[in-house]
Amino acid sequence: MELNSSSCNAEEISSKRCRTCLHFQLRWMIFIFLFAFLFSSAAAYDPLDPTGNITIKWDVISWTADGYVAVVTMNNFQMYRHIMSPGWTLGWSWAKKEVIWSMVGAQTTEQGDCSKFKGNIPHCCKKTPTVVDLLPGVPYNQQIANCCKGGVIAAWGQDPSASVGAFQVSVGLAGTTNKTVKLPTNFTLLGPGPGYTCGPAKVVPSTTFLTPDLRRKTQALMTWNVTCTYSQFLASKNPSCCVSLSSFYNETITPCPKCACGCKNKNCIKSDSKLLSVAGVNTPRKDNTPLLQCTTHMCPIRVHWHVKLNYKDYWRVKIAITNFNYRLNYTQWTLVAQHPNLNNVTEVFSFDYKPLVPYQSINDTGMFYGMKYFNDLLMEAGPAGNVQSEVLLEKNQDTFTLKKGWAFPRKVYFNGDECMLPSPDTYPHLPNSAPVSSTVITSIITASVIYLIIMVIT
């Protein structure tokens with residue numbers, strides 16, 4: 001929509017009505033802008049993983065006298081976002097007065113009021129059950145395949161074989177045929193914190209299974225799917241990580257932006273504090289409240305990107321990830337970076353690496369993650385609370401440059417959440433060049449706003 005002042009003909013309309021017209025158009029444009037901004041922020045869509053989701057599949061494998069037995073499978077189809085300890089929590093609402101007679105591979109957190117039952121007491125009588133995974137090491141008669149991992153599910157791009165979780169549930173006081181079963185509603189998923197939004201359950205073609213000898217196919221009696229997608233905007237109002245930058249050609253280190261992850265209502269402790277020697281200070285809290293090291297950025301995670309060397313046909317980058325949370329170890333961590341030269345990675349020295357190509361014509365994104373049993377665990381804040389690697393990239397002579405911050409990443413994600421980058425005008429620059437002053441940029445923006453206001457008023 002354009003502000004068309006020519007439509008306000010002085011011979012046909014008064015000056016006052018013209019101003020009213022422009023005011024209305026301006027308010028309408030502002031409304032559209034705010035609506036688009038809020039909608040785009042809340043939408044559970046990741047441009048670097050456009051098809052990523054967690055699909056929860058219910059397969060009814062048998063009917064019982066008053067209900068059914070179902071195997072519930074959670075498939076994490078997200079390329080670089082996993083569910084770490086303390087694991088997933090799944091909830092829903094029953095459509096009728098169903099109860100859970102028993103479970104294998106998981107349990108509900110509360111039994112609820114089962115006082116009306118005599119003899120056999122259900123596992124859970126709540127209208128809205130909350131289910132969690134069992135811990136490793138439970139007896140074999142309480143396990144099924146892909147269960148009992150403490151709720152930890154790997155990202156599909158990192159380890160497809162570990163990106164599945166499952167449990168079995170026996171449901172009573174429910175339908176006993178495909179036509180009488182009512183699908184659960186209002187699904188919720190914590191992984192382990194908020195951020196996931198689940199759609200309604202939808203009946204899909206029944207899942208088929210192969211027998212162990214691979215000679216016969218069987219199928220579920222009924223199958224429905226629930227799709228859950230992640231939004232960082234819903235997970236937290238502040239970022240959870242930040243990026244700092246440096247280079248061999250400039251002594252200046254560009255730090256993380258001040259209060260990048262929010263400074264309000266956050267407790268922190270200095271790295272040399274005597275409180276760190278107190279027993280239990282590193283013990284995680286039930287509400288997962290972090291204990292951060294005091295920094296200017298107040299982020300639990302900092303990613304440092306250092307342009308280390310420049311060869312004739314190659315250039316080298318050092319990447320370091322530092323944990324500033326004294327109460328959390330990051331298991332199976334992932335780091336995603338977007339840079340145009342990631343289409344020509346020659347060698348990654350201490351991390352595993354996988355290109356991410358969500359759009360076949362563009363290869364500018366890659367996922368770094370720890371080598372199993374070597375550095376796939378990022379320890380709590382302290383001397384051991386960091387991991388690092390170097391990346392050797394082959395130059396494309398038509399595009400490579402050290403000018404204007406080209407050598408620094410466009411986007412960085414840690415564990416699936418986008419990190420805050422410094423302002424481009426603060427990037428380390430070549431000695432024979434100078435960044436655009438932030439004061440100049442601010443002055444231009446201010447002048448533009450004042451001009452727009454004058455145009456509207458007059």
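The values are calculated or read from the model by the stated rules, or taken from the named source; none is laboratory data. Here the structure is a predicted model, which means the values were calculated and not measured. Note: ideal-geometry Cβ built from the backbone for every residue, glycine included; neighbour counts use all protein chains shown. Note: accessible area is taken over every heavy atom of the protein model, side chains too, but ligands, DNA and RNA are not part of it. Shrake-Rupley method; radii C 1.70, N 1.55, O 1.52, S 1.80 Å.
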inquiry  = Tell me the residue from Ser41, Ser85 that is at pLDDT below 95, open to solvent by 20 Å² or more (accessible area, probe 1.4 Å) and touching a Phe, Trp or Tyr at 6+ places or on another chain (Cβ under 6 Å), please.
reply    = Ser41
ask   = Of all residues in the stretch 58-82 being of a type in the set (Phe, Trp, Tyr) and under 28 Å from the mean Cα position of the chain (by Cα), which is surrounded by the most Cβ atoms within 10 Å (Cβ to Cβ)?
value = Tyr80
inquiry  = Could you check the stretch 220-277 and list, in sequence order, the residues that are open to solvent by 70 Å² or more (accessible area, probe 1.4 Å), of a type in the set (Ser, Thr, Tyr) and under 30 Å from Asn75 (Cβ atoms)?
reply    = none
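Specify which of the listed residues (Asp313, Asp376) is among the acidic types (Asp, Glu) and either surrounded by 15 or more Cβ atoms within 10 Å (Cβ to Cβ) or without any contact (Cβ under 8 Å) to a residue 12 or more places away in the chain (or both).
Asp376
Please determine whether any residue of the stretch 157-165 is among the small types (Gly, Ala, Ser), closer than 26 Å to Gln332 by Cα and surrounded by fewer than 18 Cβ atoms within 10 Å (Cβ to Cβ).
Yes, the stretch 157-165 has at least one match.
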message = For the stretch 247-285, give me each residue that is under 30 Å from Pro431 (Cβ atoms), part of a loop (DSSP other than H, G, I, E, B) and touching a strand residue (DSSP E or B) at 6+ places or on another chain (Cβ under 9 Å).
response = Phe248, Tyr249, Pro255, Cys256, Pro257, Ala260
request  = Identify the single condition in (1) within 18 Å of the chain's Cα centre (by Cα); (2) at positive phi that Trp333 does not satisfy, given that it satisfies every other one.
outcome  = (2)
ask   = Restricting attention to the stretch 99-137, and to residues there that are part of a strand (DSSP E or B) and free of Cβ contacts under 8 Å to residues at least 40 places away in the same chain, which single residue is most open to solvent (accessible area, probe 1.4 Å)?
value = Gln107
request  = Return yes or no: is His297 touching a strand residue (DSSP E or B) at 6+ places or on another chain (Cβ under 9 Å), in contact (Cβ under 8 Å) with a residue 40 or more places away in the chain and open to solvent by 30 Å² or more (accessible area, probe 1.4 Å)?
outcome  = no
task = Please identify the pairs in which a residue from the stretch 255-282 that is closer than 18 Å to Leu328 by Cα has its Cβ atom under 8 Å from the Cβ atom of a residue that is open to solvent by 80 Å² or more (accessible area, probe 1.4 Å), counting only partners at least 6 apart or on another chain.
result = Ile269/Leu275; Val281/Leu275
ask   = Counting only residues that are of a type in the set (Ser, Thr, Tyr) and not in a strand (DSSP E or B), which one in the stretch 79-94 is farthest from Thr188 (Cα to Cα)?
value = Tyr80
remark   = Going through the stretch 316-336 in order, the residues found to be of a type in the set (Ser, Thr, Tyr), closer than 29 Å to Thr401 by Cα and open to solvent by less than 20 Å² (accessible area, probe 1.4 Å) are Thr334
task = Kindly indicate which of Gly385, Gly405, Gly370, Gly366 is out of contact with any strand residue (DSSP E or B) (no Cβ under 7 Å at 6 or more places or on another chain) and either touching a residue at least 12 places away in the same chain (Cβ under 8 Å) or surrounded by 14 or more Cβ atoms within 10 Å (Cβ to Cβ) (or both).
result = Gly405
note = The one condition Leu234 fails out of (1) under 30 Å from Ala95 (Cα atoms); (2) assigned to a strand (DSSP E or B) is (2)
key: Check on Tyr140, within 30 Å of Gln158 (Cα to Cα) and free of Cβ contacts under 8 Å to residues at least 40 places away in the same chain   = yes
ask   = Quick check: is even one residue across the stretch 138-149 at positive phi, open to solvent by less than 40 Å² (accessible area, probe 1.4 Å) and not charged (D, E, K, R)?
value = yes
ask   = In this structure, does Gly175 turn out to be open to solvent by 20 Å² or more (accessible area, probe 1.4 Å), in a loop (DSSP other than H, G, I, E, B) and modelled with pLDDT under 95?
value = no
